[in-house]
Amino acid sequence: MSKKTLLSGVKPTGTAHIGNYFGAMKQFVDLQNTHRDANKFFMIADYHGLNFIQNAEEMRRLTLNLALDYLAIGIDPKQSIIFKQSDVSAHTELAWIFDTIVTMPYLMRAHAFKDAEAKDKEINVGTFNYPVLMAADILLYGTEVVPVGQDQKQHIEYARDIALKFNHIFGPKNPQEYGDLIFKLPEPLIMENVATVPGIDGRKMSKSYGNTIPLFASREEITKAVMGIVTDSGGPEAGGIPMNVYNIHKLVKSEEKLKELYAMQKGKYKALKEALIEDLDAFIKPMRERRAELAKNPKKVLKILETGAKQANKVAAAKLEEAKKAVGVL
Ligand code: ADP
Ligand code: TRP
C-alpha cells in the first residue's frame, strides 16, 4: 500500500494569529506527530499571496516569517517537507492545464470571488483563478488529506471537482484501470471545535478585521489585545459569562477548569481578562522563544526551504509529467 499523503499551505500575507494556529497550523503539527509514516508537505503559498502583497521586500520578509512560524510551532523538516510554492514550477504549469478544462461560471461561484465582487473591487485574474492554482497545489502530490480551516472547505471541493473532471476527460477509459486514476480525490480535514476562532471583537479572527491575537505575541501585545476584547455579559443563556473572553480562553484551558474560574469570578471582567493573559502567555511563550532563536539564523531557514523545494520538485515533476502525457503535450 502506498503511504498516505497530507498537504497544506498558508499564504505569507501577514502576521500569523491564533486563529490561523488553532484553525489550521496546529493540526499540521498534530498530524505530523500522529502520521509518522505519511508523506507530509507544508507549503508557503507565495504565488497565492502575490494577489495581496505586491512589494518585493515585503514578500521576502513575510515568506521568511512564515517559514519561521512553521518551524517554531514544531513542523520538523526531518519529518515533513516545508517548501515555497514558487520554487516548484509544476504548480503554475499544472494550473494552466486545469485552466483549459475549468469554466468561468464554475469559478464565479467561489465564495472568495463573490466576496471580492460584492465589495465592487476590480478583481485580478489571479484572484479569480485562485482555486485552480490551489487544486494544482493539492493534486500534484497525490494528496488525500488537506488540514485547513472551515473557510477553505470550498477550495478543497474545487480541487476534487477538477480532479474528477480531468480524470474523466483524460484518464483511463477502461473501468478496470480505475485504480490508476491520474489525480486522487482529496478530503479536507477540519477540526470542528475550532472551525472558526473568534477575534477580540467576537467576529471571525482575521488579519483583515484587525481583531487578532498574534501567535507569537509578546506579553505586552497579549495584554493589549486581551484588554481590547469587547466584553458583553453574553445574554441570559450564557449565564453572565463574557463569551468573547471565554471563547478565546477555552483554546488554551480546559472547559472544566474554566467553568470553575468563570463561576468564581462572575462579573469580574478585569480578573477574567488577567487570567486569560496569564494563560495565553504561558501557552505562547515557549513558541515565541523558539522562534526568536530560529530567527537568529535566517540562512539556515532558507536552506531548509531549498531542501524542501528539491524534495517537493521530485514528486511534483513526476505527476506533472503524467498529466502532460495524458493531455498529449508529451
Ligand atoms: P486571515 O483570515 O487572517 O487572512 P488566512 O486566510 O491567511 O487568514 O488563513 C490561513 C489559514 O488559517 C486557513 O487555513 C484558514 O482556514 C485558517 N484560519 C484563518 N482564520 C481563522 C479563524 N478565525 N478560525 C479558524 N481558522 C482560521
Ligand atoms: N488558500 C489557502 C488559505 O488561504 C492557502 C493554500 C494555498 C492552501 N494552497 C493550498 C491550503 C493548498 C491547503 C492546500 O489559507
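Any read-out appearing in this document is the output of simple, stated calculations on the displayed coordinates, not a laboratory observation. Computed from a predicted structure; not experimentally measured. Ideal geometry is used to build each Cβ from the backbone, glycine not excepted, and the neighbour counts take in all protein chains shown.
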Return 250, 270, 78 ranked ascending by Cβ neighbour count within 10 Å, so the fewest neighbours appear first. 78, 270, 250
Among 252, 271, 217 - extreme Cα towards positive end, dipole of the range 207-293, charges at beta-carbon: 217
Mean projected area (nm²) from the convex hull of Cα positions in the range 1-42 is 3.2
About its Cα centre, the range 207-293 carries a charge dipole, from +1 on Lys and Arg Cβ atoms and -1 on Asp and Glu Cβ atoms, whose size in debye to the nearest 20 is 120
Which pairs in the list 11/285; 153/253; 204/273; 207/303 are over 21 Å apart, alpha-carbon to alpha-carbon? 11/285; 153/253; 207/303
If you place +1 on the Cβ of every Lys and Arg, -1 on the Cβ of every Asp and Glu, and leave all else neutral, what size is the dipole of the chain about its Cα centre, to the nearest 20 Debye? 640
What ranking do 43-50, 182-189, 16-23 get when scored by the average of other Cβ atoms within 10 Å per residue, highest first? 16-23, 43-50, 182-189
Output the Kirkwood hydrodynamic radius of the chain, Cα pairs only, in Å rounded to one decimal. 21.3
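Over the residues of the range 207-293, compute the C-alpha Rg and express it relative to 2.2 N^0.38 Å. Write out the running numbers ahead of the final one.
Numbers: Rg = 13.4 Å, N = 87, 2.2 N^0.38 = 12.0 Å.
Expressed relative to 2.2 N^0.38 Å, the Cα Rg reads 1.12.
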Given 0.36 nm per residue, what is the gain on full extension from residue 4 to residue 265 after removing their alpha carbon distance, in nm? 89.2 nm
Unit charges at the beta carbon, dipole of the chain: most positive-side option, 230, 200, 14: 14
